[in-house]
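Notes for the one structure printed next.
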Amino acid sequence: MNAIPTASNSGLLVYLAVALVLVAMAAVSRPRRGVALDTPGPYKFNSDAPIRQDRRAGANPTPNKEKDMTKTTEPRLYCLEVAYPAAALITDGALDPDWVPDTFTPTEQVPAFYWPKTDRIYKSRSAARDRAALLRRYGCTVTILECTPAWENIPTANARRRRERTAATIRHSIDSVFTDRDQLGEAQA
C-alpha cells in the first residue's frame, strides 16, 4: 500500500481537506455550553438557570465544595451495660442455660433460645439501640454507653503505656514498703 498521496487519488485528498475545514469551522463557531443543575440532562444548556447567573455574578457554583475539610467529626463508639433478669440467673450469678424468656417464640431459623452477645463495640448508635431493644424484650435492663476515643500513633501509645506501667510498679513498691512497715509495727506491739 502506498502511504504517499499521488495525483490519481486527488479527489480523496480534496474530500479530506474539505472535511477538516468543516470540522475546524464547527469547533470555532460552536456555542459555549453551560451546565445547569436544575435541568434533566447533565449537559443541557439553560441560560435562565440560577447556576449560570451565579457564575456571572462571580459566586461559587458548587457550595458543597466550600466545606472546611480540616474539621473532622469525632468518632463515637457505643457499648451496652446489661443487667439480666433475676429469674435467668443461678445462685452464683451465672446465666441459667435452660432459662427461656416468655417473649421468645421458636422459629425454623432459631429453634432454641440463646442470649445475644453483649460484649460488642458498636460503631453506630442505631445498632446499639437495636441490640438493646432485643435484650429489653427478653427482660434485661440495658444502658447504652457512648465514648469518643482518643486516637494516637503507636509509638506515642507505647511510650504512654510504658510510663503507666512504671508508675504502677513504683506505687505498688511504695505501698508494699508501707504495708511491711505497718505489719512490722503491729508485730512489735
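Here is the list for the stretch 97-189: GluC sites (Glu not before Pro) lying in DSSP coil, each with at most 12 other C-beta atoms within 10 angstrom of its C-beta, are Glu108, Glu152. Each residue of the stretch 113-120 was assigned a 3J(HN,Hα) from its phi angle through the Karplus curve 6.51 cos²θ - 1.76 cosθ + 1.60 (θ = phi - 60°); the sequence is 7, 9, 6, x, 5, 10, 9, 7 Hz, with glycine and proline shown as x.
To the nearest 0.05, what FRET efficiency results for Phe113 and Arg165 with a Förster distance of 41 Å applied to their C-beta separation? Rounded to the nearest 0.05, the efficiency is 0.40.
Per residue, the Cα convex hull of the stretch 77-147 amounts to 93 Å³.
Of the residues Val82, Thr141, Tyr122, the one whose Cα sits farthest towards the positive end of the charge dipole of the stretch 77-147 is Tyr122 (charges of +1 on Lys and Arg Cβ, -1 on Asp and Glu Cβ, taken about the Cα centre). What the phi angles of the stretch 18-25 give under the Karplus curve with 6.51, -1.76 and 1.60, with θ = phi - 60°, is a coupling list of 5, 5, 5, 5, 5, 5, 5, 5 Hz, glycine and proline written as x. Computed over the stretch 96-176, relative contact order equals 22 percent, with contacts defined as Cα pairs under 8 Å that lie 6+ residues apart.
Residues whose amide H lies under 5 Å from that of Leu89, counting only those 5 or more places away or on a different chain, are Asp96; hydrogens are built 1.01 Å from N in the peptide plane. Other residues lying with their Cβ under 12 Å from the Cβ of Ala88 contribute a combined charge of -3, Lys and Arg counting +1, Asp and Glu -1. Simple spin-label estimate for Asp180 and Glu146 gives 5.0 nm between the two label positions (7 Å along the Cα-to-Cβ direction from each Cα). Spin-label model, Asp102/Arg125: points 7 Å from Cα along the beta carbon direction are separated by 3.3 nm. Would any residue of the stretch 113-127 have its amide N under 17 Å from a label point 7 Å out along Cα→Cβ of Ala157? List them or say none. Within reach of a label on Ala157: 121-123. The loop-placed chymotrypsin sites (Phe, Trp or Tyr not before Pro) in the stretch 127-189, going by DSSP, that have at most 12 neighbouring Cβ atoms within 10 Å of their Cβ come out as Trp151. Derived scalar couplings between HN and Hα for the stretch 163-177 equal 4, 5, 5, 5, 5, 5, 5, 5, 4, 5, 5, 5, 4, 5, 5 Hz in order, rounded to whole Hz, by the Karplus curve 6.51 cos²θ - 1.76 cosθ + 1.60 (θ = phi - 60°), x for Gly and Pro. The packing ranking of peptides 115-122, 11-18, highest mean first, is 115-122, 11-18, where packing means the average number of other beta carbon atoms within 10 angstrom of each residue.
Every number here is computed from the coordinates shown, using simple stated rules; none is lab data. None of the values given here were measured: they were computed from a predicted structure. All Cβ positions, even for glycine, are placed from backbone atoms using ideal geometry, and neighbour counts span all protein chains on display.
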